[in-house]
1. Give just the number: which of (1) in contact (Cβ under 8 Å) with a residue 24 or more places away in the chain; (2) small (Gly, Ala, Ser); (3) assigned to a helix (DSSP H, G or I) does residue 91 not satisfy?
2. Out of (1) in contact with a His (Cβ under 7 Å, 6 or more places away or on another chain); (2) under 24 Å from residue 130 (Cβ atoms), what's the single condition that is false for residue 91?
3. Residues being loosely packed, with under 11 Cβ neighbours inside 10 Å and either among the small types (Gly, Ala, Ser) or at pLDDT 90 or above (or both): count how many of those fall in the stretch 58-82.
4. Filtering the stretch 36-78 down to residues that are of a type in the set (Gly, Ala, Ser) and free of Cβ contacts under 8 Å to residues at least 40 places away in the same chain, which residue is nearest to residue 120 (Cα to Cα)?
5. Given the options 20, 51, 2, name the one that is part of a loop (DSSP other than H, G, I, E, B) and of a type in the set (A, V, I, L, M, F, W, C).
6. Can you confirm whether residue 24 is in contact with a Gly (Cβ under 8 Å, 6 or more places away or on another chain) and modelled with pLDDT under 95?
7. Could you list all residues from the stretch 79-88 that are under 19 Å from residue 16 (Cα atoms) and either in contact (Cβ under 8 Å) with a residue 60 or more places away in the chain or not small (Gly, Ala, Ser) (or both)?
8. Let me confirm something: among 59, 118, which residue is in contact with a helix residue (DSSP H, G or I) (Cβ under 8 Å, 6 or more places away or on another chain), within 30 Å of residue 7 (Cα to Cα) and part of a helix (DSSP H, G or I)?
Amino acid sequence: MASFHDLNIASKANAGIEVAVVIPSADTNEGIPTGDVLTVLSIFSERFRKAESEGYRRIRESLKATEDKDQKISQSVYEEVALDSIAQLVSDWSYDEPCTIENVKEFLSANPHMYDLINRLAADHAVFFGNAATS
């Protein structure tokens, strides 16, 4: 019989995987690699889960702060929460600048194709865990 200790999703989610930084290309769906890499975490990582929870809290606080209960939260609040959450998925990179949340947010804002790539990849469980999620 197996032990629950044999199943360790958290360690793989927090370790992340290396992802090539690419430039969009009409010739290939994968893009053209720049030679730089990012370490991308899974959506099951502690960092992302904390950011997601904080984002929900910020949205709730924004709702409470509106005096008109029929008024909707501005799109910018949702965009900020999403960017903050996606930025938490990048734990390291090969650039000269330090991999801080502010630098990652600036990078993702300037490179929306990488934002989309990271967003999709982080939710692709097969990439992180394969068929067997044991360590």
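1. (3)
2. Unmet condition: (1).
3. Matching residues across the stretch 58-82 total 2.
4. The selected residue is 51.
5. None of the others qualify; the one that does is 2.
6. In short, yes.
7. Across the stretch 79-88, the qualifying residues are 83, 84, 86, 88.
8. 118
The values are calculated or read from the model by the stated rules, or taken from the named source; none is laboratory data. As the structure is a computational prediction, the values presented were derived from the model and not from experiment. Ideal geometry is used to build each Cβ from the backbone, glycine not excepted, and the neighbour counts take in all protein chains shown.
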